[in-house]
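Right, one structure below, let's go through it.
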There are 2 protein chains.
Amino acid sequence: VPPPAGTKGTANHPNPIAFTGVGDPREYPTKALLHAMQDVLQRDGPSALEYGTFDNGYVPLRNTIAQLLASQGITAHPDAILITAGSQQALALVCQLLLKPGDVVLVENPTYNLALELFRLLELQIVGIPVDAEGMQVAQVEPLLQQHHPKLIYTIPNFQNPTGACLSGGRRRQLVALADRYNVPLLEDDFVGDLRYDGRTQPALKTLDPGGRVIYIGTFSKMLMPGLRVGFLVAEGPIFTRLVAFKRVNDLTVSTLMQRALDAYVNVGQYQRHVQRSCRLYRQRRETMLAAIRQQLPPDVHVDPPQGGLFLWLRLPPGITCRALQPLASAAGVEFAPGPRFFVQPAEGEGYLRLNFATLRPEAIEEGIKRLGRVLAGVSRV
Amino acid sequence: VPPPAGTKGTANHPNPIAFTGVGDPREYPTKALLHAMQDVLQRDGPSALEYGTFDNGYVPLRNTIAQLLASQGITAHPDAILITAGSQQALALVCQLLLKPGDVVLVENPTYNLALELFRLLELQIVGIPVDAEGMQVAQVEPLLQQHHPKLIYTIPNFQNPTGACLSGGRRRQLVALADRYNVPLLEDDFVGDLRYDGRTQPALKTLDPGGRVIYIGTFSKMLMPGLRVGFLVAEGPIFTRLVAFKRVNDLTVSTLMQRALDAYVNVGQYQRHVQRSCRLYRQRRETMLAAIRQQLPPDVHVDPPQGGLFLWLRLPPGITCRALQPLASAAGVEFAPGPRFFVQPAEGEGYLRLNFATLRPEAIEEGIKRLGRVLAGVSRV
């Protein structure tokens, strides 16, 4: 089991710089949320702290989410939305409901490390599909469908974690058509779809899906704040009904106070202003990091600049491994997410690392990349 | 699947009285919690809204819980405590980790409805053990262990849901010894152990357990407020390690803000004062409800007065079923939890209903029981 994402090996450094985490905590609407909680407690009284109903979530929040999705071109009826404890719970509920030990799940390789960790703990058989600059190599999917009869395809089409790749429009249509033809549920994890800095918005798989085979997952963790633990999924039919019942026995309901406060804070206008501000800020930081990489790192590192999201995926120079690099980087006061934790076969990731460009201010980004450059210059190549 | 506990059939009544719910929302420390959140956001800044670490929970809160448990005679090292999204998540994590479809779970019959619902959704084989005034009839357990080889025993030893029965000291020792001899994990759900109004405190199974076979579950939902969604479990060894990893892939972590705010609010002295106040209030309401039952209901209803907790378990007069009673009660503006939802074989519960005596003020309790009396007088016996 890989160590948790937040693990710091830089404890002895006076001024560590961690290219981990998600968004910039200084940008979280902390005060607005606290005011929303006060308003909710005044408005609703103690009922804001009761269980609420054990169904698919606080109705006004589901209405608000439906409006947010509509503003992104995704039509979802509020009754098709289940509020979850972040997108991780949505992922876990879907997998535990649809899959049993030994079942096959198709995933991008590399992919989100805590999805891999979940699949392993559920004793699923994980089959990886390579990723390039246009996202999952969908052309490789059909033979895998025929060979492995997967029970689920898990994909992060927008600004994929960890590669940052965005699935092209053509591949989106092909993938949905394949899921439909082979009758396989498609789990679309849209963890940062809002954070686009350039290029054209691609349609959500959910909107391309004629047969209701796509389960869509969203979250407020990356845009607003991780500590809320509020996410949601969109699905239809018997699977949705079973997911609602399964959520109920798993933890009854998401904190009613959090649901109400979030609903009181979020509306489409406010959310879009927040997204726009974040996009401006994070785009600039992406530029800063890309420029620093060009200036400070050896010319044989490789990065495909992502069009959005939070992460840069860096291929190390030939012969340099994360294993060799990480202790030296920690000692030099710079932290990153090592490649192995994102791969079906961890050893395949030794030549990669993931850098979060959104969390830190430009000066810290430049200093951190400088440190990484010094370490890379000194590490021995095998 | 039974309807959620909060479902109201009294929608058309001008002044419905619902003997459902848990504690009295008017007693929740709403303002104190909000102040705690403000303090935490000022003290910790945005980091109160980050993910935190994906381990077993916020360290200071685990320390506080260990102190609370110690004040109740339960020794638990903070590193043996996992913070969960209420006790329901603790229950779900344990079952999903230890059991697979077809496995046998031994439970009190009747028992907590959402535990039964969980077991059914996980496709477990549920074997019930009858309950009397001293709790689970432990004498019946050994043959069931030999016959069914259960993978888990689930018990609510204090003020059992729904019967209110408290497991006697002798039976506690027998049960722990049996679990030890037959090497079966014992899941102790202590959802309202604090709320004792008379009689002697019994030792937690966890404290009687030499072999580390007991997993203890507690919650702040019943005492402080349900909407927090913060509970915890105590366990040791490899099972604990696996539970922590499983919690992480299920939903990463409980809201860091909630964990910090709860820790800022709760200390042993304050918690005990809150418990004492609640005990005074709820004991009085129990008396009110018992007196109203004696005065207003037919003499052939039966109740074993519970020594604590939230619920009275009422056996209806012979020939009267919940099915016949409930629509009439709803029309008369009184709501209860029908017996069938608490039984392994729901039909066995037709002659019972569960009344919450803690939620409502004395006048409402008296009026509600009066309504129930009128309905019972008019319902036809089969």
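Helix A:86-98 and the longest principal axis of the C-alpha atoms of chain A enclose an angle of approximately 70°.
Tally Lys and Arg at +1 and Asp and Glu at -1 over the other residues with C-beta under 13 Å from the C-beta of B:Gly102: what net charge comes out? Can you show the working numbers first?
Details: positive: A:Lys100, B:Lys100, B:Arg120, B:Lys151; negative: B:Asp103, B:Glu123.
Neighbourhood net charge equals +2.
Here chain A yields Rg over Rh of 0.97, to two decimals, using C-alpha coordinates and the Kirkwood radius. Counting charges near B:Asp180 (Lys, Arg +1; Asp, Glu -1) among other residues having Cβ under 11 Å from its Cβ returns a value of +2. Under a model in which nothing but the beta-carbon of Lys, Arg (+1) and Asp, Glu (-1) is charged, chain B shows a dipole of about 560 debye around its Cα centre. The interface between chain A and chain B buries about 4200 Å² of solvent-accessible area in total (1.4 Å probe, ligands and nucleic acids excluded). Label-to-label distances for B:Gly237 across copies, nearest first, come out at 4.5 nm, using points 7 Å from Cα in the beta-carbon direction. In the complete set of protein chains, residue-level accessible area for B:Ser278 is approximately 0 Å², probe 1.4 angstrom. Quick one: helix B:256-265 against the long Cα principal axis of chain B, what's the angle to the nearest 10°, folded into 0 to 90? Roughly 80 degrees between the two axes. Mind telling me which of B:Pro362, B:Pro185, B:Pro238 comes out most flexible in a GNM of chain B, alpha-carbon contacts under 10 Å? Its mean-square fluctuation being the largest, the pick is B:Pro238.
The Kirkwood hydrodynamic radius of the stretch B:59-164, based on inverse pair distances between different Cα atoms, is 15.3 Å. Note on the stretch B:1-106: Cα-Cα pairs beyond 24 Å make up 54% of the total pair count.
In whole percent, how big is the carbon plus sulfur part of the accessible area of the stretch A:223-331, probe 1.4 Å, protein atoms only? Before the final figure, lay out each step's value.
Working: 2040 of 3930 Å².
Its accessible area is 52 percent carbon and sulfur atoms.
If you build the Cα gyration tensor of the stretch B:302-365 and take the root of 5 times each eigenvalue, what three semi-axes come out, in whole angstrom, biggest first?
Working: eigenvalues 76, 50, 20 Å².
Over the Cα atoms of the stretch B:302-365, the ellipsoid semi-axes are 19, 16, 10 Å.
Burial of accessible area (probe 1.4 Å, heavy atoms of protein chains only) in the stretch A:38-72, relative to its chain alone, reaches at least 30 Å² for A:Gln38, A:Leu41, A:Pro46, A:Leu49, A:Glu50, A:Tyr51, A:Phe54.
Electrostatic tally near B:Tyr216: other residues with Cβ closer than 15 Å to its Cβ, Lys and Arg +1, Asp and Glu -1, net -3.
Annotation for A:His77, label-to-label distances across the other copies: 5.4 nm (shortest first, one decimal, point 7 Å from Cα along Cα→Cβ). The long axis of helix B:362-378 is offset from the longest Cα principal axis of chain B by roughly 50 degrees.
Candidate cross-link partners of B:Lys370 among the lysines, defined by an alpha-carbon separation under 25 Å and a same-chain spacing of 8 or more, comprise B:Lys8.
If a spin label sat at a point 7 angstrom from the Cα of A:His148 along the line to its beta carbon, the backbone N atoms of the stretch A:325-343 nearer than 16 Å would be those of A:342-343. Working note: Debye formula, equal point scatterers on the alpha-carbon atoms of the protein assembly as shown, no solvent; log10 I(q)/I(0) at q = 0.11, 0.12 Å⁻¹ is -1.22, -1.40. Projected over all directions and averaged, the alpha-carbon convex hull of the stretch B:243-382 occupies 11.8 nm². Placing a label point 7 Å from the Cα of A:Asn183 along the Cα-to-Cβ direction, the distances to the matching points in the other copies come to 4.2 nm, shortest first. With a 1.4 Å probe and all protein chains left in place, how much of the accessible area of the stretch A:41-174 comes from carbon and sulfur atoms, in whole percent? About 51 percent, which is the carbon plus sulfur part of the accessible surface.
Which of the trypsin sites (Lys or Arg not before Pro) found in the stretch A:157-263 are loop residues per DSSP with 14 or fewer other Cβ atoms within 10 Å of their Cβ?
Numbers: sites: A:Arg171, A:Arg172, A:Arg173, A:Arg181, A:Arg196, A:Arg200, A:Lys206, A:Arg213, A:Lys222, A:Arg229, A:Arg242, A:Lys247, A:Arg248, A:Arg260; in loops: A:Arg200, A:Arg213, A:Lys222, A:Arg229.
Here the sparse-neighbourhood loop sites are A:Arg200.
Here's the list of lysines a cross-link from B:Lys31 could span, going by alpha-carbon distance under 19 Å and ignoring same-chain residues fewer than 8 apart: A:Lys31, B:Lys222.
Over the alpha-carbon set of the stretch B:135-219, divide Rg by the Kirkwood Rh and report the Rg/Rh ratio to two decimals. It would help to have the intermediate numbers written out before the result.
Working: Rg = 12.3 Å, Rh = 13.0 Å.
Over the Cα atoms of the stretch B:135-219, Rg/Rh equals 0.95.
Rolling a 1.4 Å probe across all protein chains gives A:Trp313 an accessible area of roughly 30 Å².
Both radii come from the Cα set of the stretch B:116-171: Rg as radius of gyration, Rh as Kirkwood radius; their ratio Rg/Rh reads 0.98.
At a probe radius of 1.4 angstrom, the accessible area of the protein assembly as shown per residue rounds to 37 square angstrom.
Among DSSP beta bridges lying fully in chain A, give the percent that are antiparallel, nearest 5. Working shown, then result.
Working: 20 of 38 bridges.
Restricted to chain A, the bridges split so that about 55 percent are antiparallel.
The values are calculated or read from the model by the stated rules, or taken from the named source; none is laboratory data. Keep in mind that what you see is a predicted model, and the values were worked out from it rather than measured. Here Cβ is always computed from backbone atoms with ideal geometry, including for glycine, and neighbour counts include all displayed protein chains. Ligands, DNA and RNA are excluded from the accessible area calculation, which covers all protein heavy atoms including side chains. Shrake-Rupley method; radii C 1.70, N 1.55, O 1.52, S 1.80 Å.
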